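Colleague: The structure follows.
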């Protein structure tokens, strides 16, 4: 069993109104000095066997095509075999 | 002229889109997301709604539906395609149109009668308008904030591919007040507000949306 962890974040230049709303809430709840909040997504994908070769390449491609939108988002992917 | 209207799981506005096609003088043809057969239609409308529950990102899963495997190459080949609201999101996710639609700047779902200015009357879906014409049609979205990088925005502005811009208020924070854009060829158009809800004064605020649907019919007649 391999576990694939894909983190997706909006690109820095894309406005993140959700992050901004969370930033406001943190301030209202007493946390001072919150300079910025960005909200992202994490996908945990468990696959049978080891992930290598074509299947690894496909997973990487789909992280960029399905799990994230390259127009507005960046992703990082790591694997725990 | 036969105009396909695609239904995905979670599509809401397919019936109104089909009605708009009919009122414009065309024959609406129901297309199904799970079927890659475009049934020989002359144009396609991707209607609004919440396809696949808007899960992952709006339009992200619909993009890979069987019907899209036929529609994307057909659109690249010149088939007129209009994406309204969720349909616009699907066109962006499919990379048939540049940019993306993100959460409204206000974080609120916005529903209002929206004034727009039609800026490009050269596309398959806007040719029955007068350039600079101002119209009022409903707008209803939670993720309608059009974003693209500055280079892309400059390019589509330079090429006249902003087909409509918001007037009075920018309801969702879209860059440069952009309400709708086209591809370079002008056959693929994405629009966040809903012309299909404004085709009959009895049921909409105006009939200002009807020319989107008559436009494609005249474009098809001229092309044949």
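Colleague: Any residue at all in the range A:33-44 that's modelled with pLDDT under 95, more than 18 Å from residue B:106 (Cα to Cα) and more than 11 Å from every other protein chain (Cβ to nearest Cβ)?
Modeller: Among the residues of the range A:33-44, not one is modelled with pLDDT under 95, more than 18 Å from residue B:106 (Cα to Cα) and more than 11 Å from every other protein chain (Cβ to nearest Cβ), which makes the answer no.
Colleague: Among the residues of the range B:94-118, write down those that are closer than 16 Å to residue B:55 by Cα and at the interface with chain A (Cβ under 9 Å from one of its Cβ atoms).
Modeller: Result: B:100, B:102, B:103.
Colleague: Can you tell me which residue in the range B:59-77 is nearest to the chain's Cα centre (by Cα), limited to those that are free of Cβ contacts under 8 Å to residues at least 24 places away in the same chain and part of a helix (DSSP H, G or I)?
Modeller: Within the range B:59-77, the first condition is being free of Cβ contacts under 8 Å to residues at least 24 places away in the same chain, and the residues that meet it are B:61, B:64, B:73, B:76-77.
Going one step further and asking which of them are part of a helix (DSSP H, G or I), we end up with B:64, B:73, B:76.
On the way: B:64: 18, B:73: 18, B:76: 16 Å.
Out of the qualifying residues, it is B:76.
Colleague: Further question on the same structure: Between a first residue in the range A:61-75 that is more than 12 Å from every other protein chain (Cβ to nearest Cβ) and a second residue that is assigned to a helix (DSSP H, G or I) and at pLDDT 95 or above, which pairs have beta carbons less than 8 Å apart while being 6 or more apart in sequence or on different chains?
Modeller: These pairs meet every condition: A:75/A:63; A:75/A:64.
Colleague: Return yes when residue B:176 is without any contact (Cβ under 8 Å) to a residue 60 or more places away in the chain and either within 28 Å of residue B:100 (Cβ to Cβ) or in a helix (DSSP H, G or I) (or both) and no when it is not.
Modeller: Values: without any contact (Cβ under 8 Å) to a residue 60 or more places away in the chain: yes; either within 28 Å of residue B:100 (Cβ to Cβ) or in a helix (DSSP H, G or I) (or both): yes.
Against the criterion (without any contact (Cβ under 8 Å) to a residue 60 or more places away in the chain and either within 28 Å of residue B:100 (Cβ to Cβ) or in a helix (DSSP H, G or I) (or both)), residue B:176 qualifies.
Colleague: Still on this model: Which of the residues that make up the range A:1-54 are part of a helix (DSSP H, G or I) and more than 19 Å from the chain's Cα centre (by Cα)? Working first, answer last.
Modeller: Going residue by residue through the range A:1-54, those that are part of a helix (DSSP H, G or I) are A:17-28, A:53-54.
Selection gives A:24, A:25, A:26, A:27, A:28, A:53, A:54.
Colleague: One residue is enough: does the range B:50-63 have a residue meeting the conditions more than 14 Å from chain A (Cβ to nearest Cβ) and touching a helix residue (DSSP H, G or I) at 6+ places or on another chain (Cβ under 8 Å)? Break it down into steps so the answer makes sense when it comes.
Modeller: Taking the range B:50-63 as the starting set, the residues that turn out to be more than 14 Å from chain A (Cβ to nearest Cβ) are B:50-51, B:53.
Subset that is touching a helix residue (DSSP H, G or I) at 6+ places or on another chain (Cβ under 8 Å): B:50-51.
Yes, there is a match, as at least one residue in the range B:50-63 is more than 14 Å from chain A (Cβ to nearest Cβ) and touching a helix residue (DSSP H, G or I) at 6+ places or on another chain (Cβ under 8 Å).
Colleague: Considering only the range B:171-186, how many residues are surrounded by fewer than 24 Cβ atoms within 10 Å (Cβ to Cβ) and at negative phi? First the steps, then the outcome.
Modeller: Filtering the range B:171-186 down to residues surrounded by fewer than 24 Cβ atoms within 10 Å (Cβ to Cβ) leaves B:173-177, B:183-186.
Still in the list and also at negative phi: B:174-175, B:183-185.
Of the residues in that region, 5 qualify.
Colleague: Only residues that are within 14 Å of another protein chain (Cβ to nearest Cβ), in contact with a strand residue (DSSP E or B) (Cβ under 9 Å, 6 or more places away or on another chain) and over 27 Å from residue B:222 (Cα atoms): list them for the range B:64-93, please.
Modeller: Scanning the range B:64-93 gives B:65, B:89, B:90, B:92, B:93.
To keep it simple, each residue is scored yes or no on (1) closer than 30 Å to residue A:70 by Cβ; (2) touching a strand residue (DSSP E or B) at 6+ places or on another chain (Cβ under 8 Å); (3) modelled with pLDDT of 95 or more.
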{"position": "B:143", "(1), (2), (3)": "yes, yes, yes"}
{"position": "B:155", "(1), (2), (3)": "yes, no, yes"}
{"position": "B:159", "(1), (2), (3)": "yes, no, yes"}
{"position": "B:165", "(1), (2), (3)": "yes, yes, yes"}
{"position": "B:180", "(1), (2), (3)": "yes, yes, yes"}
{"position": "B:184", "(1), (2), (3)": "yes, no, yes"}
{"position": "B:193", "(1), (2), (3)": "yes, yes, yes"}
{"position": "B:201", "(1), (2), (3)": "no, no, no"}
{"position": "B:206", "(1), (2), (3)": "no, yes, yes"}
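Colleague: Next question, about the same structure. What about residue B:188, is it under 15 Å from residue B:80 (Cβ atoms) and within 13 Å of the chain's Cα centre (by Cα)?
Modeller: Details: under 15 Å from residue B:80 (Cβ atoms): yes; within 13 Å of the chain's Cα centre (by Cα): yes.
It is true that residue B:188 is under 15 Å from residue B:80 (Cβ atoms) and within 13 Å of the chain's Cα centre (by Cα).
Colleague: How many of the residues making up the range B:144-170 are within 15 Å of residue A:15 (Cβ to Cβ) and either in contact with a helix residue (DSSP H, G or I) (Cβ under 7 Å, 6 or more places away or on another chain) or surrounded by 20 or more Cβ atoms within 10 Å (Cβ to Cβ) (or both)? Steps first, answer last, please.
Modeller: Keep residues of the range B:144-170 that are within 15 Å of residue A:15 (Cβ to Cβ), which gives B:144-150, B:153, B:170.
Pick out the ones that are also either in contact with a helix residue (DSSP H, G or I) (Cβ under 7 Å, 6 or more places away or on another chain) or surrounded by 20 or more Cβ atoms within 10 Å (Cβ to Cβ) (or both) and you get B:144-148, B:153, B:170.
Qualifying residue count, the range B:144-170: 7.
Colleague: Residues of the range B:1-41 being over 16 Å from the mean Cα position of the chain (by Cα) and farther than 23 Å from residue B:214 by Cβ, which ones?
Modeller: B:9, B:10, B:32, B:33, B:34, B:35, B:36, B:37
Colleague: Name the strands (runs of 3 or more DSSP E) wholly inside the range B:78-169 in which the number of residues that are more than 30 Å from residue A:39 (Cβ to Cβ) and in contact (Cβ under 8 Å) with a residue 24 or more places away in the chain is 1 or more. I'd like the intermediate steps shown before the answer.
Modeller: Numbers: elements: B:81-84, B:100-102, B:110-118, B:134-141, B:145-147, B:162-166.
Of the strands (runs of 3 or more DSSP E) lying wholly inside the range B:78-169, those with at least 1 residues that are more than 30 Å from residue A:39 (Cβ to Cβ) and in contact (Cβ under 8 Å) with a residue 24 or more places away in the chain span B:81-84, B:110-118, B:134-141, B:162-166.
The values are calculated or read from the model by the stated rules, or taken from the named source; none is laboratory data. These figures come from a predicted structure and were not determined experimentally. Virtual Cβ from ideal backbone geometry, glycine too; neighbours counted across all protein chains shown.
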